[in-house]
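As structure tokens, the structure follows; a few thoughts come after it.
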Amino acid sequence: MKLYSYNTRFAPSPTGHMHLGHAFSAIFASELAKKINGKFIVRIEDIDQNRSRKIFEDSILEDLDWLEIKYDKKVRKQSDHLDDYKAAIDELNRLGIIYPCFCSRSDIKAEIMRAGNAPHEEENLFYPGTCRRLTNQERIEKLEKENNFAWRLNIRAAAKKIGRLIWQDIRLGSNTVPVGTIGDVVLARKDIPTSYHLSVTLDDHIQRIGLVSRGEDLVEATHIHKIIQMLLGLNTPIYFHHPLILDSTGKRLSKRNRAQTLKSLKAKGYKREDVIDLFGRKNILSLLDFIK
């Protein structure tokens, strides 16, 4: 696929030290920017105030410098822009395509079980629409009593507004958004006026990110992001979902799987080139070949 000068980005959450998976993502995105003569941007996604730490933010930026990655020094921190996300929620509310949800995760699981469809993965519960079915009066009464609720996207109402949606991926080709199989995802909470889905989509628009590179485990999330883009009139980037980088046991390199951090590798005497060799320079070069 022939590309022009698009901005790319690396957007880590400062909830731990940078690991090998992060290093691959950052290097690959920066190499993409070089190949298409774009700008490489770093964003700190710190909306999770319970886990985000300044020490991890500083560590990430230090490691990027150690990896000799050149990036725009004007780093956007999501926690500094909560008003942007609140404005987006207010607009979606005005459009009538979000609704307050008062259900806990246990409530959702119980309703799914009662319906005879036991979830196979608790982390991916498909919301059954309990609060979507509330009457206006019931909703008003709950809002007066409940202090803890989430804003959910009414995917049925959204589908009527947006119709058929398609987004492009350099490696995976054209993708149609399967609106009928997407549940009413959470876009914000009362205490935090955003979520990953909302903030990452809005930030990519604000920062003029034209090419988003990330792991192929986020393909399903991209369907949701395309819906948000259409509802709010945001730009749609081109995507590059690359294969996940795995360790020697076949596990994904991630915080959850305790991937080796750059901090620990540096302490063992590893150099920049040693780190690149761990996930393979050829892996990066072969993926860059998708761009002519």
| said: Taking the conditions exactly as written (modelled with pLDDT of 95 or more, buried (at least 16 other Cβ atoms within 10 Å of the Cβ) and either in contact with a Lys or Arg (Cβ under 6 Å, 6 or more places away or on another chain) or farther than 22 Å from residue 272 by Cβ (or both)), does residue 17 satisfy them or not? | reply: no
| query | Residues 229, 168: which one is within 30 Å of residue 284 (Cα to Cα) and either among the aromatic types (Phe, Trp, Tyr) or in a helix (DSSP H, G or I) (or both)? | reply | 229
| task | Take residue 112 and decide whether it is under 22 Å from residue 156 (Cα atoms), modelled with pLDDT of 95 or more, in a helix (DSSP H, G or I) and touching a Pro at 6+ places or on another chain (Cβ under 7 Å). | result | no
| message | Restricting to the range 139-158, and then to whatever is under 18 Å from residue 127 (Cα atoms) and basic (Lys, Arg), can you tell me which residue is nearest to the chain's Cα centre (by Cα)? | response | 152
| field | Yes/no for residue 83 being of a type in the set (D, E, K, R), modelled with pLDDT of 90 or more and crowded, with 16+ Cβ neighbours inside 10 Å | value | no
| remark: Expected output for the range 266-282 (first residue touching a residue at least 60 places away in the same chain (Cβ under 8 Å) and surrounded by 15 or more Cβ atoms within 10 Å (Cβ to Cβ), partner of a type in the set (Gly, Ala, Ser) and part of a helix (DSSP H, G or I), Cβ below 9 Å, 6+ apart or cross-chain) is 275/23; 276/23; 278/23; 279/21; 279/23
| Conditions (1) over 20 Å from residue 37 (Cα atoms); (2) touching a residue at least 12 places away in the same chain (Cβ under 8 Å); (3) not charged (D, E, K, R): number failed by residue 210 | (1)
| request: Within the range 232-264, count every residue that is at pLDDT 95 or above, assigned to a loop (DSSP other than H, G, I, E, B) and either farther than 25 Å from residue 158 by Cβ or aliphatic (A, V, I, L, M) (or both). | output: 1
| note | Of the residues in the range 142-183, those that are touching a Lys or Arg at 6+ places or on another chain (Cβ under 8 Å), closer than 20 Å to residue 87 by Cα and either of a type in the set (A, V, I, L, M) or touching a residue at least 60 places away in the same chain (Cβ under 8 Å) (or both) come to 150, 151
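Yes/no per residue for (1) more than 12 Å from the chain's Cα centre (by Cα); (2) under 20 Å from residue 29 (Cα atoms):
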| position | (1), (2) |
| --- | --- |
| 186 | yes, no |
| 201 | no, yes |
| 213 | no, yes |
| 230 | yes, no |
| 233 | yes, no |
| 237 | yes, yes |
| 242 | yes, yes |
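The values are calculated or read from the model by the stated rules, or taken from the named source; none is laboratory data. Note that this is a predicted model, so its numbers are computed, not measured. Ideal geometry is used to build each Cβ from the backbone, glycine not excepted, and the neighbour counts take in all protein chains shown.
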